[in-house]
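To start, the structure itself, in structure tokens.
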Amino acid sequence: MTSLTRGPVPARRAGDEYPRPRRNPRRPQPASSRPEPQAPRPVPHQKAYGRVSPRAGLAVIGIGALAVVVLWWHSTPDVSGLGGWLTGAGEVLGLLAGYGVVVLVALMARLPPLERGIGTDHLARWHAMGGRYIVSLVVAHGLLILWGYATEAHTSLTSETATLLTQYPDVLMATVAGFLLLGVGIVSMRAARRRVRYETWYYLHLYTYLAIALAFSHQFAVGASFISNLAARFWWSAMYLTVAVLVLWYRVAVPLRAFARHRFTVVGVKPEGPGVISVYIGGSHLDELAAEPGQFFRWRFLTRSQWWSSHPYSLSAAPGTDLLRITAKDIGDHSRALSQLRPGTQVMAEGPYGAFTAGRSGRGVVLLAGGVGITPLRAMFSTLPGPVTLIYRASSEREIVFRDELDAIAAARGAKVYYLVGSRTEIGGDPLSPRMLRSLVPGLDQQEIYVCGPSGMISAAVDALRGAGVPQWQIHFESFEF
């Protein structure tokens with residue numbers, strides 16, 4: 001079926017965003033219960049965390065890298081000959097790699113100023129891109145050091161390699177660390193990730209911490225910048241220790257504290273469509289989380305098969321004072337297991353995270369969703385003030401989620417909903433072309449645009465929006481593939 005429809009339905013009473021939880025939390029929610037549309041309300045203010053902008057974050061990373069180069073220069077008073085220059089280049093690349101792994105860990109330490117200012121989507125992209133640079137630096141570091149030592153000793157690379165590995169234990173440890181990082185980098189490549197189960201990738205990724213520990217020991221044992229420089233050893237150790245403490249605090253201590261305070265519990269599970277389910281999570285003092293529509297939490301369901309890892313799921317309805325809702329599509333072992341959750345299952349939650357939230361520009365708003373990317377936009381649709389237009393792209397009618405809810409919200413608040421359903425051939429052209437978008441939304445270039453969906457859809461939508469004359473700073477997007 002091909003459709004390009006605007007979906008008005010008789011207005012429903014605007015009420016609570018969620019069905020009320022029953023007194024017995026172990027009794028599942030009725031399958032027929034649906035959240036009611038809610039009138040727009042002011043977005044809650046976030047907690048008193050600062051926000052780090054992308055430019056500020058990159059500037060800090062760049063200043064740190066420059067400081068590393070200065071450290072190497074200060075500890076290397078004289079460089080002469082080809083061997084000396086090769087060795088010096090290898091040393092500075094090794095220092096940059098050691099600094100880089102700390103930056104990569106800090107990017108994914110779930111620091112509120114980074115999460116709220118830059119956004120998890122962009123942080124994950126920086127992390128992935130930085131990982132490729134780090135692996136390249138590590139490989140180049142090893143090769144240049146070997147070449148430089150072999151040149152100075154007037155011996156072959158093979159002979160010099162054997163000498164370093166057999167007579168310097170810390171070099172052997174560094175070699176193991178390098179191969180661990182290389183292996184993780186290969187498994188994390190996009191082509192490999194598509195063929196590896198998330199659980200396998202997750203466990204392999206944990207070896208990164210072992211590689212960092214081995215590399216840190218190697219740097220202090222043989223690094224010319226640290227052997228006789230006590231101040232350098234102190235500040236380098238402080239950098240590693242600070243990031244380690246931040247990781248433990250925000251990824252372990254804060255979730256445990258939130259678990260004790262809010263007592264997150266599964267209230268019910270409800271199918272929303274083929275392979276799509278919603279999970280209702282109750283708790284106490286949820287208003288203290290100051291969660292905003294568009295944000296997500298990392299959820300750890302304490303069952304036998306799921307307790308070991310947390311996964312990100314966006315809020316698919318505006319947060320309530322005692323109930324939250326997430327919606328997921330069956331795309332892996334974890335999301336598939338959500339349908340088996342029982343009411344009463346305890347949950348640990350980290351968040352809220354994400355910078356994909358509504359601003360206060362005073363412009364009209366366009367929400368552009370693709371597939372299951374509707375989940376955060378569904379929450380925003382019911383709460384954003386002012387004129388709002390929702391455009392929902394799906395390949396078939398079966399893939400449309402929350403259609404009744406979206407139509408009811410639109411009717412209750414006088415908003416517009418367009419469903420772009422079918423293939424390009426069926427529709428007769430690109431449904432997200434500049435011409436189509438301008439025809440659906442007059443004055444498109446004056447709107448704030450929020451896009452969420454698969455990465456390919458986001459890329460095409462952003463290109464189309466730019467082609468339609470929308471300035472880059474008015475386009476906000478988040479991908480579900482980070």
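The values are calculated or read from the model by the stated rules, or taken from the named source; none is laboratory data. Note that the structure is a prediction, hence the values are computed from the model and not measured. Don't worry about glycine lacking a Cβ; one is built from the backbone with ideal geometry, like all the others, and counts go over all protein chains shown. Ligands, DNA and RNA are excluded from the accessible area calculation, which covers all protein heavy atoms including side chains. Shrake-Rupley method; radii C 1.70, N 1.55, O 1.52, S 1.80 Å.
At a glance:
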quantity	calculated
Residue 77, sole failed condition from (1) open to solvent by 20 Å² or more (accessible area, probe 1.4 Å); (2) assigned to a helix (DSSP H, G or I); (3) over 25 Å from residue 136 (Cα atoms)	(2)
Residue tally, condition under 27 Å from residue 292 (Cβ atoms), open to solvent by less than 20 Å² (accessible area, probe 1.4 Å) and of a type in the set (A, V, I, L, M, F, W, C), over segment 90-117	2
Scan of segment 219-253 for residues that are under 30 Å from residue 286 (Cβ atoms) and open to solvent by 40 Å² or more (accessible area, probe 1.4 Å), ordered by number	245, 246, 248, 249, 250, 251, 252
Close pairs from segment 171-189: first farther than 14 Å from residue 217 by Cβ, partner modelled with pLDDT of 85 or more, Cβ under 6 Å, at least 6 apart	181/135; 181/138; 181/211; 182/135; 184/208; 185/131; 185/135
Residues (open to solvent by 100 Å² or more (accessible area, probe 1.4 Å), assigned to a helix (DSSP H, G or I) and either under 19 Å from residue 134 (Cβ atoms) or modelled with pLDDT of 80 or more (or both)) located in segment 188-210	190, 207, 209
Matching residues in segment 140-161 - criterion: being outside any helix (DSSP H, G or I) and either out of contact with any helix residue (DSSP H, G or I) (no Cβ under 8 Å at 6 or more places or on another chain) or of a type outside the set (Gly, Ala, Ser) (or both)	154, 155
Filter result for residue 420 (open to solvent by less than 20 Å² (accessible area, probe 1.4 Å) and in a loop (DSSP other than H, G, I, E, B))	no
Tally of residues being at pLDDT below 90, open to solvent by 20 Å² or more (accessible area, probe 1.4 Å) and closer than 27 Å to residue 118 by Cα across segment 333-357	3
Matching residues in segment 254-264 - criterion: being in a helix (DSSP H, G or I) and either open to solvent by less than 80 Å² (accessible area, probe 1.4 Å) or among the acidic types (Asp, Glu) (or both)	254, 255, 258, 259, 260, 262
Condition check for residue 114: closer than 19 Å to residue 88 by Cβ, in contact with a helix residue (DSSP H, G or I) (Cβ under 8 Å, 6 or more places away or on another chain) and part of a helix (DSSP H, G or I)	no
Residue satisfying all of: in segment 433-482; among the acidic types (Asp, Glu) and part of a helix (DSSP H, G or I); least open to solvent (accessible area, probe 1.4 Å) among these	445
Residues of segment 358-393 satisfying the condition of being more than 24 Å from residue 433 (Cβ to Cβ), open to solvent by 10 Å² or more (accessible area, probe 1.4 Å) and not aliphatic (A, V, I, L, M)	359, 360, 361, 362, 385, 386
Number of positions in segment 294-313 that are open to solvent by less than 10 Å² (accessible area, probe 1.4 Å), touching a residue at least 60 places away in the same chain (Cβ under 8 Å) and either within 24 Å of residue 477 (Cα to Cα) or assigned to a strand (DSSP E or B) (or both)	3
Residue 158 being without any contact (Cβ under 8 Å) to a residue 12 or more places away in the chain and open to solvent by 70 Å² or more (accessible area, probe 1.4 Å)	yes
Flag for residue 139 being closer than 21 Å to residue 182 by Cβ and touching a residue at least 12 places away in the same chain (Cβ under 8 Å)	yes
